[in-house]
1. Quick check: Cα centre of the range 252-293 to Cα centre of the range 134-196, how many Å?
2. Using C-alpha positions alone, give me the convex hull volume of the range 170-312 per residue in cubic angstrom.
3. Amide H neighbours of T304 under 5 Å, counting only residues 5+ apart in sequence or on other chains, H built in-plane at 1.01 Å?
4. Place +1 on the Cβ of every Lys and Arg and -1 on the Cβ of every Asp and Glu in the chain, take the dipole about the Cα centre, and give the residue among A203, V311, I350 whose Cα lies farthest towards its positive end.
5. FRET efficiency for A386 and S152, Cβ-Cβ distance as r, R0 = 60 Å, nearest 0.05?
6. In square nanometres, what is one fourth of the surface area of the convex hull spanned by the alpha carbons of the range 357-419?
7. If you take all C-alpha pairs in the range 14-164, what percent of them are over 22 Å apart?
8. Y406 to D335: extension gain in nm, 0.36 nm per residue of separation minus the Cα-Cα distance?
Amino acid sequence: MTLIAFGINHKTAPVEIREKVAFAPEKMEHALHECISHGTGSISEAAIISTCNRTELYLNLHENETNKNDISALLEWFCQYHQLKKEDLEPYIYLHNNGDAVQHILRVASGLDSLILGEPQILGQIKDAYSTATQAGTIGRQLNRLFQHTFSVAKQVRTDTAIGASPVSVAFAAVSLAKRIFANLSEHTALLIGAGETTELVARHLADQGVKKMIVANRTVERAQILATQFSAEAIALSDMPERLVEADIIIASTASQLPILGKGAVESALKSRKHRPIFMVDIAVPRDIEPEVGNLDDVYLYTVDDLHEVIEEGRQSREEAAKQAEEIIENQVDHFMGWLRSLKGVDTIRAFREQAEQKRDEQLTLAKKQLAAGKDPEQVMNDLARTLTNKLIHEPTAQLNQAAYSGRKDILNNARELFNLEPEE
């Protein structure tokens, strides 16, 4: 079997590419089944993590070595699914096998591979991916163990290091960027598009900066209302958003929509009514919620998640030492997991060895019971049972060791001493 981590992230691909390979949440289960069925028949387990910063497939292959045909078929399906040309996507793809794949997912879950070093949201997103794959029936023994190990290691990293101390979230970075455009945020109105976890963090940071008027626009008004209530904000439907754009000085978008929600025409119209008062926009979503052409308009300051690097970098230095400690934990835990994976190869041998020993035990025990029933001296029966069973259990190993000695196979003799925990030969 071979574990594989395959995909792209914010380090290898810009947002223009990442948004093209994002998997829609409502289509994830179908995609998982397609991934397995469209391979060369070698993929036995699959899970997909799709966030604004990464799209990754974690797979278990039947073969012990990664076959080029398997990877080629996987890449072909990936491109076909997203209706992309192989040559347009291949330069951005990375592939990790076995120990490297384990190390990669542990680093991702611990926040070491994130745009924001130490950010905690990714762990929840990985848990969601695991839950979806489990529900789809594409998680088996190996990936199940990998994900459970991943959750445990991520928890250990956060407990034993300061990697999560004051992490600069994307939401915080977006609000910090807004402060560079507007000196006093409390005087401005914010329109938040979406009602998920990231939007809630944005609302919280805006409230901390004194923003008093917030509007939450969401496809489901009821969900928007739940979020709006926490911050004395107003909830509206996405369909009502165009007429409310005129009020917004700050627009921050973060939805799971596969198509842009806010277009150039609607923003142009709002700018005319605003008499060209500037609008600050941050599009955190991948795929993007705001048409890129909006950024070409005068009086619009449009940023994507990739533009937040400078703000994020300012808080990175304080967590670098914690990251080193986390890397040490992960390196040790990769060894633990790979040891477990290797141990699976011995399961059949161990099972066969135990079955053989148990068969011999049962045979001698049956004979001993018959002798006792026939009135034979119990002490003699016990002595015979112990002697005969010992001889039967060690006969074959002893014969093999004699043959190894006869053939000069000192390696087998040394291995036997280690296997049976005997003192080294002097």
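Any read-out appearing in this document is the output of simple, stated calculations on the displayed coordinates, not a laboratory observation. All figures in this text were calculated on a predicted structure; none of them were measured in a lab. Note that we place each Cβ from the backbone using ideal geometry, even for glycine, and neighbour counts take in every protein chain shown.
1. So the two Cα centres are separated by 23 Å.
2. Given the Cα convex hull of the range 170-312, per-residue volume reads 95 Å³.
3. Amide H to amide H, under 5 Å and 5 or more residues apart or across chains, T304 pairs with D283.
4. So the residue furthest toward the plus end is I350.
5. Details: r = 44 Å, r/R0 = 0.73.
Working from the Cβ atoms, E equals 0.85.
6. It is 5.1 nm².
7. In whole percent, the share of Cα-Cα pairs in the range 14-164 beyond 22 Å is 40.
8. Length gained, Y406 through D335: 21.8 nm.
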